[in-house]
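Step one of this worksheet: look at the structure below.
Read-outs throughout are calculated quantities, based only on the coordinates presented, and are distinct from any laboratory measurement. Here the structure is a predicted model, which means the values were calculated and not measured. Methodologically, a virtual Cβ is constructed for each residue, glycine included, from the backbone with ideal geometry; neighbour enumeration extends over all protein chains shown.
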Amino acid sequence: MIKLNSQQMAKFVAEGYLRFDGVVPRALNEQLLARFQSVDPSHHGNLRDYYHEAVDQRVLPIGASGLPLDQVFDDEPLFYALLAVPEIEGAICSLLGEAPRFDHHFLHVTLTPETRTRMQLPAAAQHNHQDSTIDPDLAFDIQLFYFPQAVTEAMGGTRFLPGSHLRTVSEAAIARYQNIVGQQHVVCPAGSVFIFHKGLWHGGGLNTSQMMRYLYKIRLAPGGSQVRQWDTSDLAPIDDRQGPTFWREAGGGSVVQQILMRPQPWFEYDVGRLELINRIKLWRYLLGDPAADVDYWLTRLERPQLIDRGASL
Amino acid sequence: MEHQERQQVLVLYLASSALDSPVIGWSIYDGSSIETPQTGLESESPYVSGLAALRDGWRLIQASPLISHPVGQEFRTDYLKYEFFFERWSTPRARSGS
């Protein structure tokens, strides 16, 4: 497997996602796409009937939530092979540690205009949302978004908002946010995998092409420690060193520190600083180091209180 | 006689509580149009700030209050903080004959 390096981990902490373009071999993409297409939505009158048949036909295997991942796909060599792609296996191990657990998976089909019209579905992109439910824990699940086909802009690739993953919201409560500065849309070659932090805001796009768009999504949970599971050989002493803050030369700090402190264009002025603090809390969790800091954001708040030194109020 | 005009709602999310701060997000719901509202399809905000929307004739009808931070929750981040609702009225389009 190919584990993540520290810069990739810092990017995940800061932005809430990683992308691996075209890492899945072509033959495997073709086999998995054929599996996904084995039940055709265009032959059904509505989405519910389509999904009933897709489940009945076991387009995806059925696995119990909470099972160790290595027990879910024992009899499913295609899915096993997908998760064994070196970059994917390495990323899973780096983010979740050993023995990750299966949460659930799903096949998302974004319909062509013709099928959508026949099913009487609105020609609208999916609203923004955060998956699952309110979940403020530092420990995190990941979601793999696998695209077996090349995804063009017209196919309505998944929309997502980098850096939104640490906002604690309630699923579709953010649905009225139509456009946010910095939002991105998946456009990618066949065999690409995006890995999202559990909290990343996202939504399906509107497919205006003549091809069904298939997305296989699988959610995984840690089965043990998430501390220092990546390839830490590139971590340097400078990554832990507190440098000057604000009044300093441009480009100060290590590359890892710069990645961790890179703001998003949609951050509110004041809340953006809280986002940096929350990133450092997540970085501390992953490092297993309760004193780690960048730009003094948390250290400043952790100064000893006078009352602790025996002063009277 | 039926009221002919329909409400258009513009929601701007700003970088601070000041109406003249930059737009970081936006939504439009147009009661005068039969078009389906879309999410994520626009890359340019219709206005650079809330003040620019006022100058173009939108009326501010709601602004996010400034709320104190509960003890223990000072660093929690969640919804976009500075939300401003604007409205204006428009004659319906694509409703000929109604």
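When only alpha carbons are used to place a centre, the range A:1-68 and the range A:108-147 end up 13 Å from one another.
Here A:Lys281 is the anchor, and the lysines within straight C-alpha reach of less than 25 Å, apart from those fewer than 8 places off in the same chain, are A:Lys3, A:Lys11, A:Lys198, B:Lys81. Around the amide H of A:Asp295, modelled in the peptide plane, lie the amide H atoms of A:Gly243, all under 5 Å away and 5 or more residues distant in sequence or on another chain. Radius of gyration over Kirkwood radius for the range A:95-222, both on Cα atoms: the Rg/Rh ratio is 0.97. The packing ranking, built from the mean of other Cβ atoms within 10 Å per residue, places the peptides B:57-66, A:174-183, A:85-94, A:121-130 in the order A:174-183, A:85-94, A:121-130, B:57-66, highest first.
The GluC sites (Glu not before Pro) of the range B:34-98 that meet both conditions, a loop assignment by DSSP and at most 14 other Cβ atoms within 10 Å of the site Cβ, are B:Glu35, B:Glu42, B:Glu44, B:Glu74.
Taking a point 7 Å from the Cα of A:Leu47 along the Cα-to-Cβ direction, the residues of the range A:80-107 with backbone N closer than 17 Å to it are A:105-107.
Where does the protein assembly as shown land at 222 nm, in deg cm²/dmol rounded to the nearest 500, when only DSSP H runs of n ≥ 4 count, each adding -39500 (n - 2.57), divided by all residues?
After summing the helix terms and dividing by residue count, I get -6000 deg cm²/dmol.
Peptide A:269-276 has a mean shielding of 5, counted as Cβ atoms of other protein chains within 10 Å of each residue's Cβ. In this simple spin-label approximation, A:Asp240 and A:Gln7 carry label points 7 Å from Cα along the Cα→Cβ vector, and these lie 2.2 nm apart.
Amide H to amide H, with H built 1.01 Å from N, A:Val169 comes under 5 Å of A:Asp135, counting only residues 5 or more places away or on other chains. Taking amide H as placed 1.01 Å from N in the peptide plane, the amide H of A:Gln149 sits under 5 Å from that of A:Gly191, A:Tyr214, each at least 5 places away or on another chain.
Couplings 3J(HN,Hα) for the range A:60-71, derived from phi with the Karplus relation 6.51 cos²θ - 1.76 cosθ + 1.60 (θ = phi - 60°), are 10, x, 9, x, 6, 4, x, 5, x, 4, 6, 9 Hz, where x marks Gly and Pro. Coupling constants for the range A:27-39 follow from the phi torsions by the Karplus curve (6.51 cos²θ - 1.76 cosθ + 1.60, θ = phi - 60°), and in residue order they are 4, 5, 4, 5, 5, 5, 4, 4, 4, 5, 8, 5, 10 Hz; glycine and proline get x.
Looking at the range A:222-313, the trypsin sites (Lys or Arg not before Pro) that sit in a DSSP loop and have at most 16 other Cβ atoms within 10 Å of their own Cβ are A:Arg228, A:Arg241, A:Arg248.
The label point for A:Val227 and the one for A:Glu153, both projected 7 Å from the Cα toward the Cβ, are 4.7 nm apart.
Taking every residue in B:4-15 and counting other chain Cβ atoms within 10 Å of its Cβ, the average works out to 2.
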